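The values are calculated or read from the model by the stated rules, or taken from the named source; none is laboratory data. This one's a predicted model, so the numbers in the text were calculated from it and none came from an experiment. Using ideal geometry, Cβ is built from the backbone for each residue, glycine included, and neighbour counts are taken over all protein chains shown.
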Amino acid sequence: MRSVWALAAMAALSVLTASTATLAGEPKQGGILRMYHRDSPANASILEGATYSINIPFMGVFNNLLIYDQHIAQNSPDTLRPDLAESWSWSSDNKKLTFKLRQGVKWHDGKPFTSADVKCSFDLLMGKSQQKLRQNPRKAWYSEVNEVTTNGEFEVTFDLKRPQPSLLAMLASGYTPVYPCHVSPADMRTNPIGTGPFKFVEFKANESIKLTRNPNYWKKGLPHLDGIEYTIITNRSTAILAFVAGKFDMTFPTHITIPLLKDIKSQAPNATCVVEPTNVSTNIIVNSTSAPFDNIDIRRAMALALDRKAFVDILFEGQGDIGGTMLPPPQGLWGMPKDRLETIPGYGRDINANREEARKLMQKAGYGPDKRLAVKVSTRNIAEYRDPAVILIDQLKTIYIDGELDVVETANWFPKVARKDYMLGLNLTGNAVDDPDQSFYENYACGSERNYTNYCNKEIEKLFDVQSQETDIGKRRPLVWDIDKKLQEDVARPIIFHARAGTCWHPHVKGVTIMSNSSYNGFRYEDVWLDK
Amino acid sequence: MFAYLVRRLFLMFVTLFGISIVIFFLLRIVPGNIVDILFAAAGYVDPADKANLEKELGIDRPLIVQYWHWISGFMRGDFGFSYVSEKPALQEILPRIPITAKLAGLALLFSASIGIPLGVISAVKQGTKLDYALRVVSLSGLSLPSFWLGLLILTASVAMFGQMPIFNPNPKTWLEAFATYAVPAAAVGFRSAALTMRITRSSMLEVLRQDYIRTARAKGASEAAVNYHHALKNAILPVITVIGIEAAFLIGGLIVTETVFNIPGVARFLVEAIRWRDYPIVQNLVMFIAVVVVFANFTVDMLYAVFDPRIRYTD
């Protein structure tokens, strides 16, 4: 039944897209989209990566089973579209998810795509295949999947341990392309083969990434572009100047900070610039296993001392979002409404009153103006981490905490956090999909590898499962809000703000949509075209 | 002379051996390795996955075994595979060397062709407005960091011409080809030119006060002959020494310039490789640079004998 709805939604959307295309002008074929890339990714394998530096250039090489509509900024269950799967349906007990696959699709090397490829891909992700991914950072996404079975060449079924409607969200992420069975994971790192609109041409480390049009793409008439070329420019100033000078059609997505947007707009006034949330939260990780932060009062005092608006004003000129774990509305689907958020300690508007309460808690813990608490605030040696850490240190001074900035090189950051060799840390957490399952289980579940603070609350974990199995969004949302509120009250990982960033392109670039609640899912670029 | 050459070559070999040890162990002292970085970037660690990858890359073996594996391979011309790209290290390094070599060569050429004549003029016109102006230029050359100068050039190019001289692998016109290398070479060579100019000036001033210069003038030699034939020939030795040293220092400047102008040369590649702890790339590249520097110094020493007939290398 739900597959019928998906098809109906697709048909409605096709009409909408067609009318939009007419308004914007008939797409023109040809041309190379030139972009700069902010850094040189480790390899070309999306399944092994955990950064959008890999997703952006390589998402166009692949297809997923289903995908978020590439022309609707907000990813939601309503914007899921068929991709390699023509349709999908749930069993009556919601524990089996069956996909009917598209026929006649070929891999870039000419071999046919079949259900075996889907099974191979997910066996790889679940660690069940003989071949192994060198890294498998999203194995936990499939913890509720028993197995993937094929029913003939063009049907696969995901057999689940329990209902998990959000599995569809994860399958639609840019992080979940289908890989070919006949190509090894090692080859996929250096020479990826997909079914997508663009074929991989070359990846020269620190130099460039080139994709060319797939003339046999199964969506007739697409892609419009002859190819995409990414020039790797690590120096942001050089990259932006090159964009202004017209060397590039488009900036690297969500790479432009708010202050830099003004520069671009003044130097390239015709450029279209869009600012959207990145669904990356800046948060505080607290080592609650040792003194002094094993004391809940000190943790609560710290959370009360935060002036989140000051962070947003200083770093984003007011264009950031304040919320809990989930990205706040309107872009976020699951974030708490403002009135509910402000009932959480530390989120109230009266900062002075919050800090007065914080000082009382600190005094209760034995600290005060004459006995200040000295702590090291550890963070990665990257501007996006360092800058808020400096503001945090300044704000903590108001509650008798003297912070000292401890910058850590990237190579040492995670090992340091994993061995709990820190007192207080400032961290960034990116969410691949705007879905509570991904965020809650990954960051707050007992024993999760990304639960850096080792926060463990069995009661809350039961609630994770309850919301996860709820198929009605209207009923699920209040459950998610309750969990999010509890996580903030427990000072599990205090969220300071949710960042926003800009993307710019010249007027001749058409058909680009920047996603507003994820930075990982909107880079297929199959119907982007150049009006020149 | 032969014995001197043999002794120098032996010392070069010992120096390079010492450098290989320093390179190898310094890299291991730096905290973290490629596996740490890969897993840090992914924000998770599965101890089994991590151990597998360390084993696959061979970084779980004893250091002495790793060192022998590398140095014996280096001597055989087997540079191993890049940890990051998984391509042969030589295949990654070789295409980038000509780019940096051209840039460094042009920068040195810029440095010598600007620095030496201006140094001579400044010395000959000592105390004049021209001398003061040239000294200000040389001071600014020493004071301006090359990355800042590079960014200024790029910003000015965009603001004034709407164009930007960043690297173009396939230049269509000679102007593009020139801009590809000449502008960054000038940016990085400006400091060297300033230094060369100052050394040339001071060396020339010393020589111009010598008796034989007065004698040359008394014999009716032209000013040009006195300055360039008699004085400069004798003043050039310290300048050659400085240019030789600058050739080595240039690599440091090129790292920044290649980044600012987005030139895919070895200098920038080296920094990226260090960031990733890509040992095969870093070790082999630094060793290659060491070989170049050691041979450059050797060449400079040999050039002394060519430019100064008083110098003879005896047994």
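Go through segment B:1-79 and tell me which helices (runs of 4 or more DSSP H), entirely inside it, have 3 or more residues that are within 14 Å of another protein chain (Cβ to nearest Cβ).
Helices (runs of 4 or more DSSP H) meeting the threshold: B:2-29, B:34-42, B:47-57.
Report yes if some residue within segment B:132-154 is in contact with an Asp or Glu (Cβ under 9 Å, 6 or more places away or on another chain), within 14 Å of chain A (Cβ to nearest Cβ) and over 13 Å from A:S237 (Cβ atoms); otherwise report no. Scanning segment B:132-154 turns up no residue that is in contact with an Asp or Glu (Cβ under 9 Å, 6 or more places away or on another chain), within 14 Å of chain A (Cβ to nearest Cβ) and over 13 Å from A:S237 (Cβ atoms).
Please tell me if A:A301 is more than 14 Å from chain B (Cβ to nearest Cβ), over 28 Å from the mean Cα position of the chain (by Cα) and part of a helix (DSSP H, G or I). Yes: the conditions hold for A:A301. Checked against the criteria, A:G174 does not count as at positive phi and either out of contact with any Lys or Arg (no Cβ under 6 Å at 6 or more places or on another chain) or not assigned by the TED database to the domain that holds A:F99 (or both).
Filtered by the rule that a residue be polar (S, T, N, Q) and outside any helix (DSSP H, G or I), segment A:55-76 gives A:N63, A:N64, A:Q70, A:Q74, A:N75, A:S76.
In this entry, B:G244 passes the filter for residues that are among the small types (G, A, S) and in contact with a helix residue (DSSP H, G or I) (Cβ under 7 Å, 6 or more places away or on another chain).
A count restricted to segment A:133-162 and to residues that are buried (at least 17 other Cβ atoms within 10 Å of the Cβ), of a type in the set (D, E, K, R) and assigned to a loop (DSSP other than H, G, I, E, B) stands at 3. For segment A:272-282, the set of residues classified as crowded, with 23+ Cβ neighbours inside 10 Å and among the polar types (S, T, N, Q) consists of A:T278, A:N279, A:S281, A:T282, listed by residue number.
Among the residues of segment A:196-255, those that are assigned to a loop (DSSP other than H, G, I, E, B) and within 11 Å of chain B (Cβ to nearest Cβ) comprise A:A205, A:N206, A:E207, A:I233, A:T234, A:N235, A:A245, A:G246, A:K247, A:F248.
Close Cβ contacts (under 9 Å, 6 or more residues apart or on different chains) running from residues in segment A:368-387 that are assigned by the TED database to the domain that holds A:K420 and of a type in the set (S, T, Y) to residues that are in a strand (DSSP E or B) and surrounded by fewer than 16 Cβ atoms within 10 Å (Cβ to Cβ) comprise A:S378/A:L405; A:S378/A:V407; A:T379/A:L405; A:T379/A:V407; A:Y385/A:V407. Residues in segment A:77-90 that are over 23 Å from A:R477 (Cα atoms) and not in a strand (DSSP E or B): A:D83, A:L84. Could you tell me whether A:A353 is buried (at least 21 other Cβ atoms within 10 Å of the Cβ) and in the same structural domain as A:Q438 (by the TED database)? Against the criterion (buried (at least 21 other Cβ atoms within 10 Å of the Cβ) and in the same structural domain as A:Q438 (by the TED database)), A:A353 does not qualify. Note on segment A:272-293: residues that are over 25 Å from A:N75 (Cα atoms) and out of contact with any Asp or Glu (no Cβ under 9 Å at 6 or more places or on another chain) amount to 8.
For segment B:80-94, residues that are surrounded by 15 or more Cβ atoms within 10 Å (Cβ to Cβ) and assigned to a helix (DSSP H, G or I) total 4. Here A:L396 fulfils each of the conditions (1) without any contact (Cβ under 8 Å) to a residue 60 or more places away in the chain; (2) surrounded by 14 or more Cβ atoms within 10 Å (Cβ to Cβ) apart from (1).
Within segment B:155-186, can you find the residues that are more than 14 Å from chain A (Cβ to nearest Cβ), surrounded by fewer than 20 Cβ atoms within 10 Å (Cβ to Cβ) and among the aromatic types (F, W, Y)? B:W174, B:F178, listed by residue number.
Consider A:L333 carefully, then state whether it is in contact with a strand residue (DSSP E or B) (Cβ under 6 Å, 6 or more places away or on another chain) and either assigned to a loop (DSSP other than H, G, I, E, B) or within 30 Å of A:Y367 (Cα to Cα) (or both).
Spelling it out, it is not the case that A:L333 is in contact with a strand residue (DSSP E or B) (Cβ under 6 Å, 6 or more places away or on another chain) and either assigned to a loop (DSSP other than H, G, I, E, B) or within 30 Å of A:Y367 (Cα to Cα) (or both).
Taking segment B:209-280 as the region of interest, the helices (runs of 4 or more DSSP H) fully inside it that hold 3 or more residues being surrounded by 15 or more Cβ atoms within 10 Å (Cβ to Cβ) and in contact (Cβ under 8 Å) with a residue 24 or more places away in the chain are B:232-260, B:266-276. Can you tell me which residues in segment A:91-121 are among the hydrophobic types (A, V, I, L, M, F, W, C) and either in a helix (DSSP H, G or I) or modelled with pLDDT under 95 (or both)? Across segment A:91-121, the qualifying residues are A:A116, A:V118, A:C120.
This table checks each residue for (1) modelled with pLDDT of 90 or more; (2) within 14 Å of chain A (Cβ to nearest Cβ); (3) under 12 Å from the mean Cα position of the chain (by Cα).
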| position | (1), (2), (3) |
| --- | --- |
| B:I251 | no, no, yes |
| B:D278 | yes, yes, no |
| B:V293 | no, no, yes |
| B:T299 | no, no, no |
| B:Y304 | no, no, no |
| B:R312 | no, no, no |
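Among the residues of segment A:265-276, those identified as away from chain B (no Cβ under 12 Å) and not acidic (D, E) are A:K265, A:P269, A:N270, A:A271, A:T272, A:C273, A:V274, A:V275.
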